[in-house]
Every structure is written in C-alpha cells, then in structure tokens.
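Visitor: For reference, the structure I am asking about is given below.
The values are calculated or read from the model by the stated rules, or taken from the named source; none is laboratory data. Treat the numbers as computed from the prediction; the structure is a model and nothing was measured. FYI the Cβ positions are ideal-geometry reconstructions off the backbone, even for glycines, and counts take in every protein chain you see.
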Amino acid sequence: MKILLVGAGLSGAVIGRELAEAGHDCRIIDARPHIAGNCHTERDPDTGVMMHVYGPHIFHTDDQGVWDYVNRFATFLPFQNRVKTTAQDRVYSLPINLLTINQFFGTTLRPDEARALIESKADTTITDPQSFEDQALRFVGPELYEAFFKGYTEKQWGCSPTQLPASILKRLPVRFNYDDNYFFHRFQGMPRDGYTAMVAAILDHPRITVDLDTPFTPQMGAAADHVFWSGPLDGYFDYRLGRLGYRTLDFERFTTQGDYQGCAVMNYGDRQVPFTRITEHKHFSPWETHEGTVCYREYARAAEPGETPYYPIRLVQEKALLEQYVDLARGTPGVTFVGRLGTYRYLDMDVTIREALETVAVFNRNSDPMPAFTVTV
C-alpha cells in the first residue's frame with residue numbers, strides 16, 4: 001500500500017519504519033525543516049553542546065520492548081535527571097524527598113519521623129481532592145505547597161491551581177528517603193548522538209521517503225491508500241470547530257563559559273520569577289566536555305495560532321471541543337490520528353513509541369476499516 005505519514009516525529013518515524021518493513025511504501029512529510037519533531041537535537045555551532053532545541057527530552061521507561069526498540073537505532077548512555085529548585089531564596093532537591101524536608105524545616109528527621117511531620121501538616125479535612133490545590137494541600141500541607149507547587153504551577157498553566165484537576169498530581173509528590181532521581185523507571189538514559197540521529201536511523205529504509213518543509217495538502221491524502229496524522233487534531237479539519245487550547249514555551253537562550261548552574265534543570269518556584277526553569281544543555285550529555293555552555297530560560301504561555309504547541313490544556317472547555325473533533329475524526333475514512341498532537345494528550349516518549357507500535361499491529365491485522373484512533377482519547 002501507499003502510506004502517507006504526516007509528521008516526522010517519533011510517531012511518524014516508528015509507524016513508517018514498521019510499515020516499510022512490512023512491505024508498504026511510506027512517504028513521510030513534515031512542515032518543519034528537520035525530523036524528530038519536538039525532540040529534535042542539534043550541535044550548537046559555537047560551543048559544540050548537544051542542544052535539545054525544543055526543551056529537554058529525557059528517555060525513561062519500564063517498557064522493556066520500547067527500551068530494546070530505541071537501542072536498535074541509537075547507543076543510549078546512562079542519565080538520571082536530578083532536578084533542583086530555587087524557592088524562597090534557597091535551593092532544594094526535587095522531587096520532594098527526605099533531604100528537601102529536612103532542609104526546608106531545619107530538621108534531621110528519619111523517614112518515619114518525616115512521614116509523621118508531613119501528615120501533621122497535611123489538610124486531612126480534604127477527603128476527596130477535586131483540584132490540583134486540594135491534592136497538594138491534602139498530601140503535603142500549605143508550606144510545601146506554597147514553596148514548590150503553587151507559583152510554579154501558576155506560571156506553567158497560566159491559571160490558579162484551583163482550576164486544574166487533581167489528576168495532574170497523580171502520585172504522592174513526596175519521597176521519604178534520599179532518592180533524588182526525578183524518575184522512577186528502571187531504564188533511563190540519553191542517546192549518545194542525540195534524538196535526531198536516532199530518528200534518522202529509524203527512517204533509514206529503502207521504502208521510506210522523507211520530504212521536509214512540506215505542509216500537508218488534501219491532494220496528498222487523496223493519493224495515499226491510508227494517512228497517519230500526527231499533527232494537531234483540530235488542524236486536520238482546518239480548525240472549523242475552533243482551536244483546542246495548548247500551552248507553549250518561549251526560550252531565552254544565553255551562553256557563557258564554564259558551568260552556569262551546576263545541574264541540568266533548575267526550577268524556580270517563586271511566582272515573582274517570570275520563568276519556570278533554566279536548563280543547561282551540556283549537563284544532558286555528562287559524558288562530553290565543553291568549555292562553553294548553553295542555557296535556556298523557559299517561559300510558559302498560551303499558544304497562539306501558528307506557534308509550536310507543547311502541552312494540551314484539557315480543561316472543561318477543551319474537553320467539550322475535543323469530543324466534537326473526535327466525532328468528526330471517526331466520521332473521516334482513511335485517516336488514523338496518532339501521537340501527542342493527533343490525540344490531544346500529553347505523552348512521554350516511551351508511550352508515544354509503544355502506541356505507534358500498537359497502531360501498526362492494528363493496521364497489520366487488516367482492520368477494515370482502520371479506526372480513526374487506536375487509543376482512548
């Protein structure tokens with residue numbers, strides 16, 4: 001079959017590779033001048049630092065199959081994300097752990113003592129947390145919430161934490177030991193040569209052609225036997241029902257010599273600091289040595305038309321509009337919507353890859369007709 005894949009990020013690359021290996025001819029197009037989507041990496045020409053152009057992407061997963069898959073196409077080296085935060089004129093370790101608790105409260109508590117302290121500060125009158133703020137107050141109390149969650153969340157999402165669902169804080173945001181590894185998955189690392197090189201290796205197949213700087217047109221779709229769309233769901237329909245809400249990021253890039261902040265990620269929890277964090281990119285490749293350094297200050301705001309969408313908002317208004325677009329998509333034959341933008345969900349890289357592989361499995365089962373979605377949107 002002749003397959004058109006719109007978007008040369010992880011979803012398009014993995015689906016294209018798997019279908020090409022199954023004997024299909026795959027054309028992958030992308031409106032941007034590069035492959036790899038938002039995980040695109042490139043060398044800074046002045047410092048030699050490997051840049052995460054659209055912000056840091058750290059690979060972490062418990063999925064053995066996905067870990068084996070990415071290691072087919074790249075050499076992964078160990079990397080653990082150890083985030084720090086500047087709040088109330090002090091630096092702390094994140095996620096909140098035993099060191100953070102002892103630093104913050106000026107104590108020397110053991111795990112059981114720290115657990116009792118946090119429970120004494122938690123608002124136990126909240127029995128069914130509905131909002132982000134409820135969830136935080138219930139589990140960590142007002143002091144830790146104010147220092148580490150409230151201001152950062154207001155900047156990240158552009159609204160009060162009382163307007164955000166409790167599900168954003170899915171897990172108890174406290175560790176009662178000294179483990180400061182931000183993630184808890186057994187496989188964690190970075191591709192030695194960057195994500196773009198990895199995606200290029202995935203796309204390296206004689207049945208795959210890639211056209212960059214190439215926006216989608218309906219004529220392209222009509223010429224294909226099937227289309228896999230990893231662009232914005234509402235964008236496929238020319239936003240005819242309105243635009244789904246996204247947050248986007250502005251990056252203020254700056255360079256200096258030496259080591260600017262001593263870590264890859266420094267959050268800024270205070271509301272009066274306008275940016276959410278500073279990322280120092282050479283620390284994402286700790287096996288490399290560079291005299292210069294490149295940093296990003298990150299500012300979050302509402303995405304405007306034509307800007308790069310990062311985080312789907314998925315509040316009440318957006319969910320209602322999403323349902324309308326999902327109905328429209330299900331009534332559109334010959335197109336399957338995939339990935340972060342196509343399904344309007346926040347996805348980690350490993351989940352994106354797993355869903356791409358499962359989408360191909362559905363396609364290869366000769367599903368007739370191929371559904372608009374292979375996941376619950």
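Visitor: Only one of (1) free of Cβ contacts under 8 Å to residues at least 24 places away in the same chain; (2) more than 17 Å from LYS150 (Cα to Cα); (3) touching a helix residue (DSSP H, G or I) at 6+ places or on another chain (Cβ under 6 Å); (4) of a type outside the set (Lys, Arg) fails for ALA114. Which number is that?
Guide: Going through (1) free of Cβ contacts under 8 Å to residues at least 24 places away in the same chain; (2) more than 17 Å from LYS150 (Cα to Cα); (3) touching a helix residue (DSSP H, G or I) at 6+ places or on another chain (Cβ under 6 Å); (4) of a type outside the set (Lys, Arg) one by one, ALA114 breaks only (1).
Visitor: Give me a count of the residues in the stretch 334-357 that are over 21 Å from THR61 (Cβ atoms) and surrounded by fewer than 22 Cβ atoms within 10 Å (Cβ to Cβ).
Guide: Number of matching residues: 2.
Visitor: Let me ask something additional. If you scan the stretch 95-117, which residues turn out to be of a type in the set (A, V, I, L, M) and surrounded by 21 or more Cβ atoms within 10 Å (Cβ to Cβ)? Write out each step before concluding.
Guide: Start the filter on the stretch 95-117 by keeping residues that are of a type in the set (A, V, I, L, M), which leaves 96, 98-99, 101, 109, 114, 116-117.
ILE96, LEU98, ILE101, ALA114, listed by residue number.
Visitor: Would you confirm, using the coordinates I've provided, whether PHE73 is buried (at least 20 other Cβ atoms within 10 Å of the Cβ) and at negative phi?
Guide: Details: buried (at least 20 other Cβ atoms within 10 Å of the Cβ): no; at negative phi: yes.
For PHE73, the condition - buried (at least 20 other Cβ atoms within 10 Å of the Cβ) and at negative phi - is not met.
Visitor: What tally of residues in the stretch 268-311 results from selecting those that are under 26 Å from TYR344 (Cβ atoms) and part of a strand (DSSP E or B)?
Guide: Adding up the residues that qualify gives 9.
Visitor: Further question on the same structure: Between a residue in the stretch 164-185 that is crowded, with 17+ Cβ neighbours inside 10 Å and any residue that is of a type in the set (S, T, N, Q) and in a loop (DSSP other than H, G, I, E, B), which pairs come within a Cβ distance under 6 Å, given they are 6 or more apart or on different chains?
Guide: Close Cβ pairs (under 6 Å, with a partner that is of a type in the set (S, T, N, Q) and in a loop (DSSP other than H, G, I, E, B)) amount to ALA166/GLN130; ARG175/ASN97; ASP180/ASN97; TYR182/ASN81.
Visitor: Right, something else. Within the stretch 312-335, how many residues are touching a Phe, Trp or Tyr at 6+ places or on another chain (Cβ under 6 Å) and of a type outside the set (A, V, I, L, M)?
Guide: So the answer is 1.
Visitor: Among (1) in contact (Cβ under 8 Å) with a residue 40 or more places away in the chain; (2) of a type outside the set (Asp, Glu); (3) in a loop (DSSP other than H, G, I, E, B), there is one condition TYR260 misses while meeting the rest; what is its number?
Guide: The failed condition is (1).
Visitor: Which helices (runs of 4 or more DSSP H) does the stretch 126-221 wholly contain that include 3 or more residues that are acidic (Asp, Glu)?
Guide: Numbers: elements: 132-144, 151-157, 195-203.
Hits in the stretch 126-221: 132-144.
Visitor: Could you tell me whether GLY231 is touching a strand residue (DSSP E or B) at 6+ places or on another chain (Cβ under 6 Å) and either part of a loop (DSSP other than H, G, I, E, B) or assigned by TED's automatic domain parsing to the domain that holds GLN324 (or both)? Please lay out each step first, then the result.
Guide: Working: touching a strand residue (DSSP E or B) at 6+ places or on another chain (Cβ under 6 Å): yes; either part of a loop (DSSP other than H, G, I, E, B) or assigned by TED's automatic domain parsing to the domain that holds GLN324 (or both): yes.
Against the criterion (touching a strand residue (DSSP E or B) at 6+ places or on another chain (Cβ under 6 Å) and either part of a loop (DSSP other than H, G, I, E, B) or assigned by TED's automatic domain parsing to the domain that holds GLN324 (or both)), GLY231 qualifies.
Visitor: Do you know which of the residues in the stretch 358-369 that are surrounded by fewer than 18 Cβ atoms within 10 Å (Cβ to Cβ) and either acidic (Asp, Glu) or at pLDDT 95 or above (or both) is farthest from GLU21 (Cα to Cα)?
Guide: Just the residues of the stretch 358-369 that are surrounded by fewer than 18 Cβ atoms within 10 Å (Cβ to Cβ), to begin with: 358, 361-362, 364-369.
Those still in the list that are either acidic (Asp, Glu) or at pLDDT 95 or above (or both) too: 358, 361-362, 368.
Values: GLU358: 15, ALA361: 13, VAL362: 15, ASP368: 21 Å.
Among them, the one singled out is ASP368.
Visitor: Something else: Under 30 Å from VAL91 (Cβ atoms), of a type outside the set (Ser, Thr, Tyr), outside any loop (DSSP other than H, G, I, E, B) and out of contact with any Leu (no Cβ under 8 Å at 6 or more places or on another chain): does that describe LYS319?
Guide: Values: under 30 Å from VAL91 (Cβ atoms): no; of a type outside the set (Ser, Thr, Tyr): yes; outside any loop (DSSP other than H, G, I, E, B): yes; out of contact with any Leu (no Cβ under 8 Å at 6 or more places or on another chain): yes.
Spelling it out, it is not the case that LYS319 is under 30 Å from VAL91 (Cβ atoms), of a type outside the set (Ser, Thr, Tyr), outside any loop (DSSP other than H, G, I, E, B) and out of contact with any Leu (no Cβ under 8 Å at 6 or more places or on another chain).
Visitor: Then there's this: Hey, does the stretch 230-248 have a residue that's closer than 28 Å to ARG297 by Cα, of a type in the set (A, V, I, L, M), at pLDDT 95 or above and buried (at least 18 other Cβ atoms within 10 Å of the Cβ)?
Guide: Taking every residue of the stretch 230-248 in turn, at least one turns out to be closer than 28 Å to ARG297 by Cα, of a type in the set (A, V, I, L, M), at pLDDT 95 or above and buried (at least 18 other Cβ atoms within 10 Å of the Cβ).
Visitor: On to the next question. Please determine whether any residue of the stretch 315-330 is over 24 Å from HIS40 (Cα atoms), acidic (Asp, Glu) and touching a Pro at 6+ places or on another chain (Cβ under 8 Å). Steps first, please.
Guide: We begin by selecting, within the stretch 315-330, every residue over 24 Å from HIS40 (Cα atoms); these are 315-330.
Imposing the further condition that a residue be acidic (Asp, Glu) reduces the set to 318, 323, 327.
With the extra rule that they be touching a Pro at 6+ places or on another chain (Cβ under 8 Å), the set shrinks to 318.
The answer is yes, given that some residue of the stretch 315-330 is over 24 Å from HIS40 (Cα atoms), acidic (Asp, Glu) and touching a Pro at 6+ places or on another chain (Cβ under 8 Å).
Visitor: Return the residue satisfying two criteria in turn: it lies in the stretch 276-313 and is without any contact (Cβ under 8 Å) to a residue 60 or more places away in the chain and basic (Lys, Arg), and of such residues it is surrounded by the fewest Cβ atoms within 10 Å (Cβ to Cβ).
Guide: Out of the qualifying residues, it is ARG297.
Visitor: Which residue, of PHE76, PHE59, is within 24 Å of PRO286 (Cβ to Cβ) and touching a Pro at 6+ places or on another chain (Cβ under 7 Å)? Break it down into steps so the answer makes sense when it comes.
Guide: On the way: PHE59 fails: touching a Pro at 6+ places or on another chain (Cβ under 7 Å).
Of PHE76, PHE59, the one residue that is within 24 Å of PRO286 (Cβ to Cβ) and touching a Pro at 6+ places or on another chain (Cβ under 7 Å) is PHE76.
Visitor: Okay, next question. Which residue is modelled with the lowest pLDDT, if the candidates are limited to the stretch 288-330 and must be more than 25 Å from GLN272 (Cα to Cα) and hydroxyl-bearing (Ser, Thr, Tyr)?
Guide: THR308
Visitor: Which of the numbered conditions does GLY339 fail, given that it passes all the others? Conditions: (1) of a type outside the set (Lys, Arg); (2) in contact with a helix residue (DSSP H, G or I) (Cβ under 9 Å, 6 or more places away or on another chain); (3) on the phi < 0 side of the Ramachandran plot.
Guide: Here GLY339 meets the rest and fails (3).
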